[in-house]
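The values are calculated or read from the model by the stated rules, or taken from the named source; none is laboratory data. These numbers come from a predicted model, not from an experiment. FYI the Cβ positions are ideal-geometry reconstructions off the backbone, even for glycines, and counts take in every protein chain you see. Heavy atoms of the whole protein, side chains included, go into the accessibility calculation; ligands, DNA and RNA do not. Shrake-Rupley method; radii C 1.70, N 1.55, O 1.52, S 1.80 Å.
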Amino acid sequence: MSTKYELKNLATGKTTPLNAITGTIGPEALDISSLTKEQGVFTFDPGFMATASTESKITYIDGDAGMLLYRGYPVEQLAEKSSFLEVANLLINGTLPTKAELCAFQNSIMRHTMVNEQLLRFFQGFHHDAHPMAMVSAVVASMAAFYHDTTDIEDPRHREIFSHRIIAKLPTIAAAAYKHTLGQPFIYPRNDLRYCANMLNMFFAVPCEPYAIDPVAAEALDLLFILHADHEQNASTSTVRLAGSTGANPYAAISAGVSALWGPAHGGANEAVLDMLDGIGSVANIDKFLVRVKDKNDHVRLMGFGHRVYKNFDPRAKIIRGMCYRVLEKLGKTDNPLFELALKLEEIALKDDYFVSRKLYPNVDFYSGIIYSALGIPRSMFTVMFAIARTAGWVAQWQEMVSDPHMRIGRPRQLYTGPTQRDYQSIEKR
Ligand code: CMC
């Protein structure tokens with residue numbers, strides 16, 4: 001730690017030295033924790049544009065370079081060589097597992113896939129057209145009522161069991177939500193299958209005929225899950241951390257993360273992108289659509305474009321775009337008008353000064369929905385897929401936080417702009 005900065009009150013001349021904390025890579029961060037005590041002021045940073053909310057060893061993004069590292073490993077290398085469960089293990093434990101460790105982890109995950117039967121009954125209470133994210137968020141929160149015997153957050157073994165349970169059961173809950181919307185019977189998990197193959201089976205199998213799991217689809221899902229597994233202190237992860245910092249039941253904290261992910265500015269963008277492409281309809285309408293995007297009064301955004309951190313290509317978007325070609329070809333679905341439209345839209349936007357000057361590039365969600373669609377996953381389930389993958393990151397970040405002996409409740413301050421003190425008036429006098 002070195003002092004390189006100070007904050008000076010120009011009216012009183014009082015100065016407060018600020019320590020700059022250095023990470024392993026990335027900009028240093030000013031430790032302002034003494035500022036309020038010393039100077040009686042808060043810092044004001046709506047949207048956390050310049051605030052590091054925590055120290056973390058899990059994921060690193062260099063937004064200008066378009067770089068994403070999980071525990072130091074480039075996401076490109078993991079996408080090419082690893083598997084989702086290996087990445088989940090890496091995120092949680094910090095090192096690449098040995099063969100034996102990975103085997104034990106996979107076994108544990110695949111032996112925690114069933115959910116309590118009573119929990120499954122919750123789905124009967126939802127209307128058939130309930131959004132799957134609403135069901136998943138509610139049912140994940142309800143897990144706190146079922147698995148409360150192993151949620152002593154001070155106990156590392158309890159934390160481990162929780163982590164395995166939530167990673168294992170999320171696909172089962174997601175599939176139950178999907179089957180409920182279809183009015184089809186729930187398909188139980190099969191522990192002899194791999195993680196994504198099991199999920200496809202639970203989504204698409206029916207009791208009345210055999211279902212052949214397409215290995216291409218399982219592989220594509222696994223790759224998408226690697227790319228979505230963690231993304232440092234994004235909105236949903238910060239939500240999990242904030243909820244968890246109160247000592248809340250970890251299932252409740254993950255449910256809070258699912259809810260935060262749902263918004264169209266975050267994980268809900270993958271669903272919104274396809275709605276947008278449908279709305280544009282054809283290449284001929286792109287220019288007209290972009291006029292609306294650039295009109296500040298129109299409140300239309302180019303969904304799947306832009307990112308708080310990436311001011312260059314989102315490396316995940318590049319991988320997914322390449323994947324679209326391969327997956328569509330392998331599935332024999334090369335004639336895909338939405339993919340063609342998305343490619344053209346990207347090409348035109350990247351030549352347009354509005355997007356160039358603001359450094360707006362395609363993000364992870366621009367192309368992911370095209371692959372999900374090609375795999376037969378309905379639009380309303382896209383964000384659920386994101387949630388399944390991001391659970392690995394949420395769990396890793398939650399574990400990192402609660403195992404930190406210095407953990408404190410997250411409690412931001414505010415700049416109050418409401419009325420000053422005033423006296424209550426009886427209703428007759430108002
Ligand atoms: N379309 C049009 N204009 C945009 C877009 C967009 N997608 N994104 C940003 N801008 C403009 C924005 O209007 C502003 O312009 P100006 O400076 O003239 O006011 C400027 O770019 C900066 O935007 P911002 O909203 O201040 O940036 P932010 O960092 O607060 O927001 C974002 C980041 C991802 C919410 C935003 O880019 C966005 O809404 N994108 C579309 C939704 C989306 O694709 N979200 C998925 C994000 S990646 C996956 C994930 O995190 O889950």
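Annotations
- Within the range 339-375, if we keep just the residues that are under 25 Å from the mean Cα position of the chain (by Cα) and away from the ligand (no atom under 16 Å from the Cβ), the residue that is farthest from Glu219 (Cα to Cα) turns out to be Leu343.
- Ala220 being surrounded by fewer than 19 Cβ atoms within 10 Å (Cβ to Cβ) and closer than 17 Å to Arg390 by Cα: no
- Residue within the range 358-366 that is out of contact with any Asp or Glu (no Cβ under 9 Å at 6 or more places or on another chain) and buried (at least 22 other Cβ atoms within 10 Å of the Cβ) present: no
- Taking the criterion of being under 24 Å from Asp287 (Cα atoms) and open to solvent by 70 Å² or more (accessible area, probe 1.4 Å), the residues of the range 331-343 that qualify are Asp335, Pro337, Glu340.
- Number of positions in the range 132-153 that are surrounded by fewer than 18 Cβ atoms within 10 Å (Cβ to Cβ) and assigned to a loop (DSSP other than H, G, I, E, B): 2
- Residue selected from the range 271-289 under the condition under 24 Å from His228 (Cα atoms) and either near the ligand (Cβ under 10 Å from one of its atoms) or not in a helix (DSSP H, G or I) (or both), by the criterion farthest from the chain's Cα centre (by Cα): Met276
- Complete set of residues in the range 154-183 that are more than 14 Å from Met202 (Cβ to Cβ), in contact (Cβ under 8 Å) with a residue 60 or more places away in the chain and surrounded by 22 or more Cβ atoms within 10 Å (Cβ to Cβ): Phe162, Ser163, Ile166, Ile167
- Residue within the range 342-363 that is under 30 Å from Thr172 (Cβ atoms) and not in a helix (DSSP H, G or I) present: yes
- Selection from the range 223-270 of residues that are crowded, with 24+ Cβ neighbours inside 10 Å, within 11 Å of the ligand (Cβ to nearest atom) and of a type in the set (D, E, K, R): none
- Candidates in the range 290-330 are the residues that are touching a residue at least 40 places away in the same chain (Cβ under 8 Å), within 14 Å of the ligand (Cβ to nearest atom) and over 20 Å from the mean Cα position of the chain (by Cα); of these, the one that is most open to solvent (accessible area, probe 1.4 Å) is Lys294.
- Residue list for the range 104-124, filter: open to solvent by 70 Å² or more (accessible area, probe 1.4 Å) and assigned to a helix (DSSP H, G or I): Asn107, Glu117, Gln118, Arg121, Phe122, Gln124
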